[in-house]
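Participant: Let me give you the structure first, and then I'll get to my questions.
The values are calculated or read from the model by the stated rules, or taken from the named source; none is laboratory data. Quick caveat: nothing in here was measured; it's all calculated off a predicted structure. For neighbour counting, all protein chains shown are included, and Cβ atoms are generated from backbone atoms with ideal geometry for every residue, glycine included. We work out accessible area using only protein heavy atoms, side chains counted, and drop any ligands, DNA or RNA first. Shrake-Rupley method; radii C 1.70, N 1.55, O 1.52, S 1.80 Å.
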Amino acid sequence: MQADRRKRRSYHDDALLPRAFVVDGESTPADGPPQDGLDYLRRVRWEAKQVANVIVSNIDPRAFDAQQTVYAPDVPICPAAPHGLAPLSRWENNFLLYFQNLHEHLADLHTKYQTNAEYRQHATHTKLPSPHDASAWRAFCLGYSTVAPDNGGDAAFSLSTITTAHTPSPTPTPTSTSTPMPPTLSILLRLDHVAIIKIISYQVKWAEKATRLSHHQMLWLFAILSRLDRPCHP
């Protein structure tokens, strides 16, 4: 009976995992240490046969519930707008439609920028900070004082300038550290998904610490969110 069970198991194993090559003979721990490579494989085969096809764990998984990490944090409920400042439903619908159209258009431009050399050659290549350097991005987004225009400069981010442009506009070159850089189309198209996620996290932290948001800071928030794609990691 034991031999029949081993024979059935050997057939079952061969059916699931076809042999790479044939290894004849048997080897057990009673035979002493393996003498060569084939003898080692015989020992491995013998040990595998000692293990049941199905092993049921007796561990209670509920005992480890308290040790699990949180997959996603609890997102706080957005506070209601003060009385008289809440947007109208019609305005909300128009805004969401506008934002959706902008997001789709930027995604299409980003695809063309990545695949079309003609788009890239018209864009200036101002050096961007590392996505992991929060201080550098703070200086880049909120901290430059004078901007030297390149080929006439680049207008700040807006849907009208994007939809009418066939190629990314040149990006202004920072020359000192007090006036912020605008979120131009050239900059937005050069950012990958990782950089966008990091910059959004920086912008949110800066906004939470600010007593009021400047017009320039709101431009950056709107522009960078328009480039956001899924998945969005918290």
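Participant: Show the residue pairs meeting these rules: Cβ distance below 8 Å; 6+ apart or different chains; first residue within segment 221-234 and closer than 16 Å to residue 109 by Cβ and basic (Lys, Arg); second residue modelled with pLDDT of 85 or more and not in a helix (DSSP H, G or I).
Facilitator: What qualifies is 227/191.
Participant: Got a sec? Which of 125, 132 is part of a loop (DSSP other than H, G, I, E, B) and either in contact with a Leu (Cβ under 7 Å, 6 or more places away or on another chain) or at pLDDT 80 or above (or both)?
Facilitator: Details: 125 fails: either in contact with a Leu (Cβ under 7 Å, 6 or more places away or on another chain) or at pLDDT 80 or above (or both).
Selected residue: 132, the only one of 125, 132 that is part of a loop (DSSP other than H, G, I, E, B) and either in contact with a Leu (Cβ under 7 Å, 6 or more places away or on another chain) or at pLDDT 80 or above (or both).
Participant: Please count how many residues of segment 33-87 are open to solvent by 70 Å² or more (accessible area, probe 1.4 Å) and either touching a Cys at 6+ places or on another chain (Cβ under 8 Å) or under 21 Å from residue 22 (Cβ atoms) (or both).
Facilitator: Of the residues in segment 33-87, 5 are open to solvent by 70 Å² or more (accessible area, probe 1.4 Å) and either touching a Cys at 6+ places or on another chain (Cβ under 8 Å) or under 21 Å from residue 22 (Cβ atoms) (or both).
Participant: Among the residues of segment 50-68, is any modelled with pLDDT under 80 and either more than 31 Å from the chain's Cα centre (by Cα) or in a loop (DSSP other than H, G, I, E, B) (or both)?
Facilitator: For segment 50-68, residues modelled with pLDDT under 80 and either more than 31 Å from the chain's Cα centre (by Cα) or in a loop (DSSP other than H, G, I, E, B) (or both): present.
Participant: Under the condition of being among the polar types (S, T, N, Q) and modelled with pLDDT of 90 or more, which residue from segment 177-216 is most open to solvent (accessible area, probe 1.4 Å)?
Facilitator: For segment 177-216, the residue satisfying everything is 201.
Participant: Hey, any hits in segment 144-152 for a residue that's open to solvent by 60 Å² or more (accessible area, probe 1.4 Å) and either touching a Gly at 6+ places or on another chain (Cβ under 7 Å) or at pLDDT 75 or above (or both)? Give the derivation first.
Facilitator: Narrowing segment 144-152 to residues open to solvent by 60 Å² or more (accessible area, probe 1.4 Å): 146, 149, 151-152.
Those left that are additionally either touching a Gly at 6+ places or on another chain (Cβ under 7 Å) or at pLDDT 75 or above (or both): none.
Within segment 144-152, not a single residue is open to solvent by 60 Å² or more (accessible area, probe 1.4 Å) and either touching a Gly at 6+ places or on another chain (Cβ under 7 Å) or at pLDDT 75 or above (or both).
Participant: Return the pairs, sorted by first residue and then second, in which the second residue is aliphatic (A, V, I, L, M) and modelled with pLDDT of 85 or more, the first residue lies in segment 73-90 and is farther than 18 Å from residue 208 by Cβ, the beta carbons are less than 9 Å apart, and the residues are 6+ apart or on different chains.
Facilitator: Close Cβ pairs satisfying both conditions: 80/86.
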